[in-house]
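**Q** Can you keep this structure in mind? I'll have questions shortly.
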Amino acid sequence: MSIQIRKEIMAIKPYSPGKPIEEVQKEYGLSKVIKLASNENPLGASEKAKAAIKEHLSKLSIYPDGNCTELKAVLANKLKITSEQLILGNGSDEVLKLIGEAYLTPEDQVILADPTFSEYQYVARLMGATEVLVPLKDHKHDLREMLNRINSNTKIIFICNPNNPTGTIVDEDEFIEFLTKVPEHILVVIDEAYYEYVQAENYPQTIPLLERFNNIIITRTFSKVHGLAALRIGYGIANPQIINNLNRVKEPFNVNSLAQVGANASLQDEEHLVNSIATNEQGKAYLYKELEKLNLDYIPTEANFLMINMGRDTKYLFEEMLKKGIIVRAGNVFNMPNYIRLTVGTMEENQSFITALKEVLAGESRD
Ligand SMILES: *Cc1c(COP(=O)(O)O)cnc(C)c1O
């Protein structure tokens, strides 16, 4: 007889990540490969972060500060909150998982959009909770329907803002109205992984809402605009009671020292942040213009990625782009099979993408 596993985990499919650069190089014999599949910062990490990490290499034998004391102090000061309102995680993915581990039981239901970031579903399934999927409406969260789906078993509502993969936002007025209608015993998780990129003026500033609503937790990350995805570091912001509960389930040394010093230094590098956002805005403008020339529909984005409607299944396009050394995300993983999700790159990368796209569309493969 085989070893019995927890039956809940049979519903979990292992995460399918963006294709790694090295794999594509080897598979297709290419020297240059551009990855525009995982919403990484095309400018890389801050030089200040790299320097801080190098300097810390002499201390690798020492355990990290399990409380991330210094980084919390810097973040708290920047965000005008207290350190007690912060939890750092091994990526914001870990913060999301801690939320599930602290709060979810198999009797609970969680409400989430469809499609949205896959981690919420993973967390729900891991804990044996039931997912209630609410389809996007015009590619946006349908908050009204999410409210309608609340019942006595609802424990958590996940809002991804901007939403991955669509890049759309929930606006301030509708979000506040939504919060006033969610019962206090339901936790609202607002995932702001792309917070820094948002340009829309009606994007909710959620930190001030912590004073009005006790049942919200905000998650942010150093993986996207800060360009530190490899280090795995993100954070949650909530009232101290929620943070305490998450601290109960967290591993003692969940965030490594290099991540802590790198994140801290990155927060001091305003110039890198400004450049990263400007590069994204430039890239968006260029891509919008080129896609319009090609008569291709896209979903206007508030993040650093763009959903492009190719009008037919994109598995073929995904493969053809790979042959040209460009990795994008095919929309089938998001149940949007006619779309590709493209990370906005440097201007040169965006131009390479458009050139390759035109070649594929014209059917003039060079191979
Ligand atoms: C990329 C992403 C994250 C998280 O990332 P970490 O690298 O784990 O911090 C979280 N939420 C969304 C919506 C994302 O796209």
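**Q** For region 226-251: of the residues being among the β-branched types (Val, Ile, Thr) and more than 11 Å from the ligand (Cβ to nearest atom), which is surrounded by the fewest Cβ atoms within 10 Å (Cβ to Cβ)?
**A** 249
**Q** Okay, moving on. Find the residue count for region 275-296, including only residues that are among the charged types (D, E, K, R) and either touching a helix residue (DSSP H, G or I) at 6+ places or on another chain (Cβ under 8 Å) or part of a loop (DSSP other than H, G, I, E, B) (or both).
**A** Final tally of qualifying residues: 1.
**Q** So in region 141-174, with the set limited to residues that are within 16 Å of the ligand (Cβ to nearest atom) and of a type in the set (A, V, I, L, M, F, W, C), which one is surrounded by the most Cβ atoms within 10 Å (Cβ to Cβ)?
**A** If we filter region 141-174 for residues that are within 16 Å of the ligand (Cβ to nearest atom), which is where we start, we get 141, 156-170.
Filter once more, keeping what is of a type in the set (A, V, I, L, M, F, W, C): 156-160, 169-170.
Values: 156: 25, 157: 29, 158: 26, 159: 26, 160: 27, 169: 25, 170: 23.
Among those that are within 16 Å of the ligand (Cβ to nearest atom) and of a type in the set (A, V, I, L, M, F, W, C), it is 157.
**Q** Restricting to region 177-199, name every residue that is in a loop (DSSP other than H, G, I, E, B) and surrounded by fewer than 20 Cβ atoms within 10 Å (Cβ to Cβ). Full working, then the answer.
**A** Taking region 177-199 and keeping what is in a loop (DSSP other than H, G, I, E, B), we get 182-186, 192-194, 198-199.
Within region 177-199, 183, 184, 185, 186, 198, 199 meet the criteria.
**Q** If you don't mind, there's one more thing I want to ask. Out of everything in region 73-87 that is away from the ligand (no atom under 16 Å from the Cβ) and within 14 Å of residue 247 (Cα to Cα), what residue ends up being nearest to the chain's Cα centre (by Cα)?
**A** So the residue we want is 85.
**Q** Moving on to the next point. For region 316-335: of the residues being in contact (Cβ under 8 Å) with a residue 60 or more places away in the chain and not in a helix (DSSP H, G or I), which is farthest from the chain's Cα centre (by Cα)?
**A** 325
**Q** Which residue out of 77, 67, 41 is outside any helix (DSSP H, G or I) and free of Cβ contacts under 8 Å to residues at least 12 places away in the same chain? It would help to see each step written out before you state the result.
**A** Working: 77 fails: outside any helix (DSSP H, G or I); 41 fails: free of Cβ contacts under 8 Å to residues at least 12 places away in the same chain.
So the residue among 77, 67, 41 that is outside any helix (DSSP H, G or I) and free of Cβ contacts under 8 Å to residues at least 12 places away in the same chain is 67.
**Q** Give me a count of the residues in region 275-303 that are touching a residue at least 40 places away in the same chain (Cβ under 8 Å) and more than 21 Å from residue 138 (Cβ to Cβ).
**A** 11
**Q** Another question, if that's okay. Within the bounds of region 200-213, is there any residue that is within 16 Å of the ligand (Cβ to nearest atom), modelled with pLDDT of 95 or more, more than 29 Å from residue 149 (Cα to Cα) and part of a loop (DSSP other than H, G, I, E, B)?
**A** No; the residues of region 200-213 include none that is within 16 Å of the ligand (Cβ to nearest atom), modelled with pLDDT of 95 or more, more than 29 Å from residue 149 (Cα to Cα) and part of a loop (DSSP other than H, G, I, E, B).
**Q** Of all the residues that make up region 214-224, how many are within 11 Å of the ligand (Cβ to nearest atom) and part of a loop (DSSP other than H, G, I, E, B)?
**A** Final tally of qualifying residues: 3.
**Q** Which members of region 88-131 meet the condition of being in a loop (DSSP other than H, G, I, E, B), within 15 Å of the ligand (Cβ to nearest atom) and in contact (Cβ under 8 Å) with a residue 60 or more places away in the chain?
**A** 90, 91, 115, 117, 118
**Q** Here's another thing I want to ask about it. If you go through region 1-58, how many residues are among the hydroxyl-bearing types (Ser, Thr, Tyr), out of contact with any Leu (no Cβ under 9 Å at 6 or more places or on another chain) and within 18 Å of residue 325 (Cα to Cα)?
**A** As a first pass, look at region 1-58 and keep what is among the hydroxyl-bearing types (Ser, Thr, Tyr): 2, 15-16, 28, 31, 38, 46, 58.
Right, trim to out of contact with any Leu (no Cβ under 9 Å at 6 or more places or on another chain) and you get 2, 15-16, 31, 38, 58.
Subsequent filtering for residues that are within 18 Å of residue 325 (Cα to Cα) retains 31, 38.
Matching residues across region 1-58 total 2.
**Q** With the requirement that a residue be out of contact with any Pro (no Cβ under 7 Å at 6 or more places or on another chain) and more than 30 Å from residue 198 (Cβ to Cβ), what does region 308-357 give you?
**A** Within region 308-357, 312, 315, 316, 319, 320, 322, 323, 324, 325 meet the criteria.
**Q** Can you tell me which residue is surrounded by the fewest Cβ atoms within 10 Å (Cβ to Cβ) among those in region 1-24 that are without any contact (Cβ under 8 Å) to a residue 40 or more places away in the chain and closer than 20 Å to residue 330 by Cα?
**A** Going through region 1-24, the residues without any contact (Cβ under 8 Å) to a residue 40 or more places away in the chain turn out to be 1-5, 7, 10, 13-14, 17, 20, 22-23.
If we keep only those that are closer than 20 Å to residue 330 by Cα too, we end up with 13-14, 17, 20, 22-23.
Values: 13: 10, 14: 6, 17: 9, 20: 14, 22: 9, 23: 12.
Here the answer is 14.
**Q** Taking region 31-60, which residues are closer than 18 Å to residue 317 by Cα and away from the ligand (no atom under 16 Å from the Cβ)?
**A** Listed by number, the residues that qualify are 33, 34.
**Q** The conditions are (1) assigned to a helix (DSSP H, G or I); (2) exposed (fewer than 15 other Cβ atoms within 10 Å of the Cβ), and residue 313 fails exactly one of them. Which is it?
**A** Condition not satisfied by residue 313: (1).
**Q** Would you mention how many residues in region 339-361 are in a helix (DSSP H, G or I) and of a type in the set (Lys, Arg)?
**A** Final tally of qualifying residues: 1.
The values are calculated or read from the model by the stated rules, or taken from the named source; none is laboratory data. These figures come from a predicted structure and were not determined experimentally. When we count neighbours, we look across all protein chains shown, and the Cβ atoms used for this are built from the backbone with ideal geometry, even at glycine.
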